[in-house]
Structure formats: structure tokens, C-alpha cells
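To keep things clear, I will list the structure first and then write my remarks on it.
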Amino acid sequence: MSADEPLPGELRSLGLDIFKTFKTLIETSWVSNETDMVPSRRSVELEEERFRLLAQSLGLLQTGHASLDYRVRDASVIRAALADLLSELKAHLENRELL
């Protein structure tokens, strides 16, 4: 496997990691007041629902021929851009987790 070939399930794996991070964020104890820039638990739940809808429509968590990984297997630039985007989202969510 060359460096340009996609890792099997790379996008799916990133999607699963994002859902785990959302779950961790939702399950944390929340203390917020009106002056903080801390989002509410409900706002995080809504964002997780939006991401779930996006993931379903793209086939992010699917396997086989229905998967996003399969559909972008020959488009390395698009696959790399999607992987970067998902990695950045995961990093932002993990930064919120540390607050």
C-alpha cells in the first residue's frame, strides 16, 4: 500500500471518534451561566444530532459500497480534504472537552 492509497475505513474511523467525543461532552457535568461562553448541554446535543444526520446522508458510518470511504476511494484530494475536515472537527470538540 503506497502513501497515496486510502487507509481502509479512515473516514469512518474519524466519524466514530467524533461520535465518541460528542458522547463524552454530553455526559460531562455542565456548569454554565449567562456570561460564560460555555455551550449548554442541549446545544451540544443538537450539534451531535446535526452531525448524525450529515453522517447518515454521506454514508460516513456505512461499510462496503455504501460508505463514504468507498465513494471517494479514487479521489485522493477529496478524501484528504474530508479527513482534514473531520480531524479538525474532532480536535475542536476535544478542546471543548478540556474546559
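Only the coordinates and a few stated rules stand behind these numbers; no lab work does. Source: prediction; values computed, not measured. Cβ sites come from the backbone with ideal geometry, for glycine too, and all protein chains shown count toward neighbours.
A few remarks follow.
- Packing-based exposure ordering (other Cβ within 10 Å, fewest first) of Asp84, Asp17: Asp84, Asp17
- Charge tally around Ser57: other residues with Cβ under 14 Å, Lys/Arg +1 each, Asp/Glu -1 each, net +2.
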